[in-house]
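Have a look at the structure below before the remarks.
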Amino acid sequence: MQTILITGTSKGIGKAVAQKFLSGGFQVFGTSTSGIVDYSHDNLRVFKLDLRSSESIATCVAEIEKTDVSFDIVLNNAGVLRDEEEIALVPKKLRETLEVNLIGTADFTERILQLVKKDSLIAFTSSTAGSLELTGDAKDHWPKHYPAYKISKAALNMYMRTLALRLKSFGTIVLAVHPGWVRTEIGGEEADITPQESAEEIYKTLLTPHETGSFLFQNRQLPW
């Protein structure tokens, strides 16, 4: 049975992706800040993880290590939007955003590398909000809003690229995936698609061969 580790599986995109991979026959290891989710499955295990805390990250990885599992896929999905209504950058909100979307995510990834299989896949839920080229164009729904979130996703994309270069010789594929504009707490009720529709596309993307270092939406390359 193939294994996948997904962060942020208590709601939204992470929950839908976890359920999609469970229906596809995967063993799913999920995380949430409480260590609890509102669904169950014989092939699901959930661990407590708060990406704001290095101690929580270390404890979570140690608990996963005890299971003697190794992963075919890791999807770093957990993230926050702290400045949805902001146009000017608020440094406090930038720090809070980077702590989860970049620093905690990178810390967790670095610690979990020892548990990924050779020729595995590591992916990050990113966003076109992190694309320098697309920010402010006709497809940008809120071109002046949430600068901290945009900065965090641009930085996450760069971490993905540097990790892809570092792991290329090991056969590990590293990707960033845009989930679409999704009806979640972050995306809002006006968004285009449901979490289930987004999960379907993410599932296809993660199971399709791609060049390492790619930034993808619906199996197509996105501009940086």
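Below are the figures for this structure:
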{"read-out": "All aspartates and glutamates inside 15 Å of residue 92 as judged from Cα atoms, apart from same-chain residues fewer than 8 positions distant", "value": "83, 84"}
{"read-out": "Additional length obtainable on full extension of the chain from residue 2 to residue 221, 0.36 nm per residue less Cα span", "value": "76.2 nm"}
{"read-out": "Separation of the residue 54 and residue 137 label points, Cα + 7 Å toward Cβ, nm", "value": "3.9 nm"}
{"read-out": "Using alpha carbons only: equivalent-ellipsoid semi-axes of region 1-144, gyration tensor based, whole Å", "value": "28, 17, 15"}
{"read-out": "Computed lengthening from residue 11 to residue 43, 0.36 nm per intervening residue step minus Cα-Cα distance", "value": "9.7 nm"}
{"read-out": "Chain lengthening between residue 191 and residue 66 when straightened (0.36 nm per residue, less Cα-Cα)", "value": "41.0 nm"}
{"read-out": "Helical contribution to [θ] at 222 nm, DSSP H n ≥ 4, -39,500 (n - 2.57), averaged over the chain, rounded to 500", "value": "-10000 deg cm²/dmol"}
{"read-out": "Residue 200/residue 158 FRET efficiency (R0 35 Å; Cβ-Cβ; nearest 0.05)", "value": "0.80"}
{"read-out": "Contact order relative to length of region 3-221, as percent, for alpha carbon pairs under 8 angstrom and 6 or more apart", "value": "20 percent"}
{"read-out": "Inter-centroid distance (Cα atoms) of region 1-23 relative to region 55-112, Å", "value": "16 Å"}
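Here, each number is a calculation from the coordinates, and none is a lab measurement. All values derive from a computational prediction rather than experimental measurement. Positions of Cβ are backbone-derived with ideal geometry, glycine not excepted, and every protein chain shown enters the neighbour counts.
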